[in-house]
Every structure is written in C-alpha cells, then in structure tokens.
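S.K.: Before I ask anything, let me first share the structure, which is written out below as structure tokens.
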C-alpha cells in the first residue's frame, strides 16, 4: 500500500481529499495535516510515500515546505494539489521536484488519474538496477499518462459519467460488452459506447472482439492496469 499524507489548511477539503485517496486501490491515508509545521512534524516521525500538498498554508507555503524537507534529507514524493494557477508557482514546483500538479477544483477522476500515474511510476522503478533507453522512456512516461482530467473531456461528455464507466470496468471480473456497461451504469447503450471509445483512446481501456454463433464480432472492453 502507498502511504499518503494529505496536507490542506481547510479541514473539510482535507477530509474530502483523504476520502478520495482511500477509494483508490493500492493507496491508504497515513495522516492529515493542516499547516506546514504540522506536516513537517508528521514526516519527522512517520514514513510516507507521497504527500498531497496544498500551496496556500497558514504558516508557510507548500513550496517552502518542500524546500525545507529536501534540505533536511526527506525525499518523500510530492504532488501539489492547490488553487495556485500562476505559471511561476507551477514552474517552481517542477524545479523543486513535485511529480505532478493538480489545480483545484478537481473531481475524484482527476485525482485518481494522478495517483494511478504515480503508482505506475513506482512499478516502473521497482527492482532498481540499470535502465536501458526503453526503461528510461517508461520511467519518464509513467506520469505522462496521468493528465486526463475533466477539463480535457470532449464536448458533450461529463467527468461524472466517465467516472461511473471507469468504476464499472475496474470492478468487473472480465471484459464487458457496451450493453453490459450501459446496464450497470444505467446509461443508454449509445452513451456507454461513446465513453468506452473515449477511454479506449486514452489507453486505459482495451478493446477485444468475441465471435459468437452468428459470426458477427462483439466488442468487449476491459480496464487496462499499468
């Protein structure tokens, strides 16, 4: 399990973000903090893999906290989760080693995409050793697939419906047809088909064909684990 510290000055927002994290397989919330000092103290005595870090904290900015952690030898991974939209802050986050940057407000699907990308990165790094160019490309590309947030959905699509389709596919024991997805999501077959094609284009869903007695192929969809 990947341990996560959720840092946000708003107690309610921290609880929501923590609840989101707990819904994602492979992740657990190690703790919550509502200021830089609390977060720093927590990390002094508790080892976590990842910090979901707000920039606007009451006692110190998130980026200042990251600098202080690095100076103290803490190499915990960081994903910024903040309303800060100015390019200077985004650039500074990159330079200080933040692996991802998620702009508030966001949906559960948006956060899950970032965390799944992070999990993919950790799997790619497992084993250590030397890395040829192919492995290097996978390492640098692992987080690149975690950018499909709600703002990138085509016109006529909603993040909520995409999230429902994802949940059905992720929870299925095997490939599903568009009709099966539609029934489980309580959508029309046509709507389910549109979202399945969208997810297929992002690379998160794999399409296969099953031939029945009629000889006509049935499209089957399965969630791609990375």
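Throughout, read-outs are computed from the coordinates displayed, never taken from laboratory work. No experiment lies behind these values; they were computed from the predicted model shown. Don't worry about glycine lacking a Cβ; one is built from the backbone with ideal geometry, like all the others, and counts go over all protein chains shown.
S.K.: Hey, with R₀ at 30 Å, roughly what FRET efficiency would residue 64 and residue 122 work out to, going by the Cβ-Cβ distance, to 0.05? Walk me through the numbers on the way to the answer.
M.R.: Values: r = 26 Å, r/R0 = 0.88.
Efficiency for this residue pair is about 0.70.
S.K.: Please rank 200, 116, fewest neighbouring Cβ atoms within 10 Å first, as an exposure proxy.
M.R.: Details: 200 15, 116 21.
Ordered by Cβ neighbours within 10 Å, fewest first: 200, 116.
S.K.: Normalising by the residue count of the stretch 153-223, find the relative contact order in percent from Cα pairs under 8 Å and 6+ residues apart.
M.R.: Working: 79 pairs, mean separation 22.4, N = 71.
Value for the stretch 153-223: 32 percent.
S.K.: Additional query: Roughly what would the spin-label model give for residue 218 and residue 45, points 7 Å off Cα along C-beta, in nm?
M.R.: With each label point 7 Å from Cα toward Cβ, the separation is 5.8 nm.
S.K.: In addition: What nm distance separates the two modelled labels at residue 206 and residue 172, each placed 7 Å from Cα along Cα→Cβ?
M.R.: 1.3
S.K.: If the chain between residue 85 and residue 179 were fully stretched, how many nm would it gain, using 0.36 nm times the residue separation less the Cα-Cα distance?
M.R.: On the way: separation 94, 0.36 × 94 = 33.84 nm, distance 4.08 nm.
Contour length minus the Cα-Cα distance gives 29.8 nm.
S.K.: I need two numbers for the stretch 2-146: Rg to one decimal and Dmax as a whole number, Cα atoms only, in Å.
M.R.: 14.7, 45
S.K.: Arrange 118, 56 by Cβ neighbour counts within 10 Å, fewest through most, would you? Provide the component values of the computation, followed by the final result.
M.R.: Values: 118 23, 56 14.
The order, fewest Cβ neighbours first, is 56, 118.
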